[in-house]
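What follows is a set of notes on a single structure, which appears directly below.
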Amino acid sequence: MTKSPKIQEAVKLATKAHDGQLRKTGEPYIVHPLAVKKILEEWNMDDDTIIAGILHDTVEDTEITLKDIEEQFGHDVAFLVDGVTKLSKARSGMKNLDSYLPETSDNLLKLLIATGQDVRVLIIKLADRLHNLRTLSALPPDKQKKIARESLDVFAPLADRLQMGRVRVEIEETSFRYLDPKRYEELKKLTEERLKRADKKLNNARQAVEDLLKKEHIKYKCDGRVKSIYSLHKKLAKYDQNIDRVYDLIALRFIVEDVTTCYLTLGLIHSLFRPMDGRVKDYIAVPKQNGYQSIHTTVITPDKQVVEFQIRTKEMHDYAERGLAATFFYNEQKLTSAYTEGRISKLPSHLLWIKELQETAAKLASGEKVDTKKLKLTLFADKIFVYTPKGDIIDLPKDSMPLDFAYRLHSEIGATCTGAIVNGKMVSLNTKLHNGDIVEIVTTKNSKPNPGWLDKVGSKHARHKLLSQLHALFPNFVANPDPPTKPEKKK
Ligand code: MN
């Protein structure tokens, strides 16, 4: 990949902008954006993503504006930085969001739709979180726990969704270590003991398979993988804490040239060792939901050792470890534009959701009507997501205005509303809100709602609250029960 001089420019700009700021670790702040840059480079991301990674904290924490970034680095970089900035804000509002949409449990999907028109935004955010986790020791314990919890609940599943297995594991292990240090150490010791005990028998099994593969002239790479502490913890909870029932504590992984050789290797392994009943899993023919592909088989060796073998191609291995980032590597270009411009015609089917997501998000943002059946987005199609100044996400029906937002926060805030500030500018109360707007309500004590507001609410909720307040204020008040503007769409 060519390294553009723009990357050096971005480093210069960020260094200057963050000058004088310190991290909690006591280091100069620029250490953090540079670490994010390094992670994104390790993931082989494109230049725009790397530049946006370097600049990801500048808009929020320094004098630099999005406009500056757009002028110097172009629209794409500015778009990515803006996305990351909004995502940080959205993050803190996720719990709230959940209580507003109890119908769905998929927090991630909401987060994605609210912010992710470009999946690279999420990848930058993951790199950002990864570095923050790596330096978590600098924070006070209560903050450590909070960040660890959130990483485990939100960012690990996100990495999984993007099929970035290696990143997911690092996030899980680090978070778990902070959340439950005692348990972490306990399980670590347990794993090490088991490994030591099985070492010789494992080596025998591995040697036997390698000898046979060589005899058959099959090219392979072999490594051992030890189950991560966190996934062991989860598995033990399922198996009454009985570690003897965890068969894949250690697995031997064989990476071979192509799919046919995968099945051939499976056959050879079974010719050596007896497979356990119901323990052959063909995730090549039927990939896991996140797209993971591999063949797993658990066997019993002659010296009574239970061993799991995992067989896959190099490409499958790369996807399992690096996921979406691997896609960028293979394509060496931006996924989004490569798609829309038709430069790549095919993406692995497990990544199609990203394409659909991006298309849906783009349509939502431009106010287009969206057919969401395929992506289970029915809930979002008629909604917009806006932010409070503190960063909480509030979801509102499309066509909502500031009063809808005010009544959603609290009916008293609605009743005493005297103005609204959207994205830092004072606006009139009949201004339509858009996805991503930051909305602040100005209230004046003892101020009262008035009947003219009925034209300035778009949501049923706000209309209902407003009507009951108007009835209380004006006993003779009669209102048309239907909205005077266009009727609300039915689900
Ligand atoms: Mn950051």
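Under Stokes-Einstein, with the Kirkwood radius over Cα pairs standing in for Rh, what whole-number D in µm²/s applies to the stretch 181-320 at 20 °C and 1.002 mPa s? Diffusion coefficient, whole number: 136 µm²/s. Once each part is reduced to its C-alpha centroid, what is the distance from the stretch 182-227 to the stretch 430-480 in angstrom? First find each Cα centre; the distance between them is then 66 Å.
For the pair the stretch 258-315 and the stretch 13-77, the centres of their Cα atoms are 44 angstrom apart. The listed residues H75, H296, once ranked by accessible area (1.4 Å probe) with the largest placed first, stand as H75, H296. Sorting 53-59, 193-199 by average packing, meaning the other beta carbons within 10 Å per residue, from highest down gives 53-59, 193-199.
Put simply, the amide H of T313, placed in the peptide plane, has neighbours under 5 Å in V256, leaving out anything fewer than 5 places away on its chain.
Residues whose amide H lies under 5 Å from that of K281, counting only those 5 or more places away or on a different chain, are H296, T297; hydrogens are built 1.01 Å from N in the peptide plane. Note that the stretch 214-219 has calculated 3J(HN,Hα) couplings of 4, 4, 8, 6, 9, 7 Hz, one per residue in order, obtained from phi through the Karplus relation 6.51 cos²θ - 1.76 cosθ + 1.60 (θ = phi - 60°); glycine and proline are x. Building the convex hull from the alpha-carbon atoms of the stretch 416-475 and averaging its projection over directions returns 4.4 nm². Take 445-452, 218-225 and order them by the average number of nearby Cβ atoms within 10 Å per residue, most first; the result is 218-225, 445-452.
Sequentially through the stretch 140-150, phi angles give Karplus couplings (6.51, -1.76, 1.60; θ = phi - 60°) of x, x, 5, 6, 4, 5, 4, 5, 5, 4, 5 Hz, Gly and Pro residues having no value and appearing as x.
Residue by residue, the stretch 424-430 carries 3J(HN,Hα) couplings of x, 10, 5, 10, 7, 6, 9 Hz when phi is fed to the Karplus relation 6.51 cos²θ - 1.76 cosθ + 1.60 (θ = phi - 60°); x denotes Gly or Pro. Less than 5 angstrom separates the built amide H of I384 from those of L396, K398, all sequence-distant by 5 or more or on a different chain.
The values are calculated or read from the model by the stated rules, or taken from the named source; none is laboratory data. Predicted model only: the values in this text are computed from it and were never measured. A quick note on method: Cβ atoms are made from the backbone with ideal geometry, for glycine too, and the neighbour counts reach across all protein chains shown. For the accessible areas, the whole protein counts, side chains as well, though only heavy atoms, and no ligand, DNA or RNA atoms are used. Shrake-Rupley method; radii C 1.70, N 1.55, O 1.52, S 1.80 Å.
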